[in-house]
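The values are calculated or read from the model by the stated rules, or taken from the named source; none is laboratory data. All of these numbers come straight from a predicted model, not from anything done at the bench. In this analysis, Cβ positions are derived from the backbone assuming ideal geometry, glycine residues included, and neighbour counts consider all displayed protein chains. Accessible surface areas use protein heavy atoms only, side chains included; no ligands, DNA or RNA. Shrake-Rupley method; radii C 1.70, N 1.55, O 1.52, S 1.80 Å.
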Amino acid sequence: DDDEAKSSAAHVAVVYAEGAIVDGEGREGEVGGDDFSREIRRLRQDDSVKAIVIRVNSPGGSATAAEHIQREIRLAREAKPVVISMGSYAASGGYWISAYSNRIYAEPTTITGSIGVVGIHFDIQKLANDLGFTWDSVKTGKHADLLTISRPKSPEELAIFQRMVDWIYGEFIRKVAEGRHLDPSVVRKIAEGRVWSGAEAS
């Protein structure tokens, strides 16, 4: 009958998050935030999928892409169980996308945690000048060229970047605390970019 047919068609979906988490679609060996989010959404909307297992094997990457993926995982969890299976490593952004799952399973040797944020700025002024390149700039506001790589950052600009990094770190702490049902003070004690083995993290 129809109920038996529906029951036999039900299955558990397994999706792999292998590689660095990057913005956009991603390439081979990367976890593209847009592409992966779309796949989780598709599985959430597929009534024949009764649960989703995400195999995470990622050192992390873009906080923006990880947040896109995590949002879809939170929505999926409202519709069906979402389980994380950690591979060799599920750190930083790899942990960010894992935090809101129903359950997390790690191998004893899994490298996980790394609840932290790093910001990188490039300054190629000297290199470019040595090669004969110079820049002239025209801007409409004091910080309009904040992201330029053509000159060093001022102390005020570095302070702006630091505030951005601090805010993202605070969000990471908050999300881990909320997703794993922990007090934020407990998360702060295990955070600060520290890494843990799966055995230590359990």
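Values computed for the structure shown
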read-out: Fluctuation leader among ILE97, ILE115, ILE168 - the chain, Gaussian network, Cα springs under 10 angstrom; value: ILE168
read-out: With DNA, RNA and ligands ignored, accessible area of TRP96 (1.4 Å probe; Å², nearest 10); value: 20
read-out: Proximal lysines relative to LYS189, as straight alpha-carbon distance under 16 Å, when same-chain residues fewer than 8 apart are discounted; value: LYS175
read-out: Cβ-placed point charges (K, R +1; D, E -1), dipole of the chain about Cα centre in debye, nearest 20; value: 600
read-out: Cα-based radius of gyration of the stretch 97-154 once divided by 2.2 N^0.38 Å, which approximates compact folds; value: 2.02
read-out: Heavy-atom accessible area ranking, 1.4 Å probe, most first, across LYS50, LYS80; value: LYS50, LYS80
read-out: Relative frequency of Cα-Cα separations exceeding 20 Å in the stretch 3-92, percent; value: 33
read-out: Solvent-accessible surface ranking, highest first, for MET164, MET86 at 1.4 angstrom; value: MET164, MET86
read-out: Helical mean residue ellipticity (222 nm; -39500 (n - 2.57) per DSSP H run of 4+; nearest 500) of the chain; value: -12500 deg cm²/dmol
read-out: Convex hull volume per residue for the stretch 84-202, taking Cα atoms only, in Å³; value: 144
read-out: For q = 0.08, 0.15 Å⁻¹, Debye-computed log10 I/I(0) when each Cα of the chain counts as one equal scatterer; value: -0.36, -0.94
read-out: Principal-axis tilt of helix 155-180 within the chain, Cα atoms, nearest 10 degrees; value: 10
read-out: Choice from ASP47, ASP136, ASP166 showing the highest fluctuation, given a GNM over the chain with Cα pairs closer than 10 Å; value: ASP136
read-out: Folded to 0 to 90 degrees: helix 33-45 orientation relative to the chain principal axis, Cα; value: 20
read-out: Of SER58, SER150, SER185, the one that fluctuates the most in a GNM where the chain has Cα springs shorter than 10 Å; value: SER150
read-out: Cα lying deepest toward the dipole's positive end in the chain, options TRP196, SER48, ILE21, charges on Cβ; value: TRP196
read-out: Residue-level accessible surface for PHE36, protein heavy atoms, 1.4 Å, Å²; value: 20
read-out: Check: the stretch 121-193 dipole with +1 on Lys, Arg Cβ and -1 on Asp, Glu Cβ, in debye; value: 200
read-out: Degrees between helix 63-79 axis and first principal axis of the chain (Cα, 0 to 90, nearest 10); value: 20
read-out: Quarter of the Cα convex hull surface for the stretch 160-202, i.e. its orientation-mean projected area (nm²); value: 3.2
read-out: Cβ-based charge dipole, the chain, positive-most Cα from VAL187, VAL176, GLN125; value: VAL187
read-out: For the stretch 43-151, the fraction of alpha-carbon pairs in successive 10 Å shells from zero, as %; value: 13, 30, 20, 15, 15, 6, 0
read-out: Carbon + sulfur, % of accessible area of the stretch 98-202 - ligands and nucleic acids excluded, 1.4 Å; value: 60
read-out: Square roots of 5 times each gyration tensor eigenvalue, C-alpha, the stretch 64-125, largest first, Å; value: 26, 17, 7
read-out: Exposure rank, largest accessible area first [TYR105, TYR89; 1.4 Å]; value: TYR105, TYR89
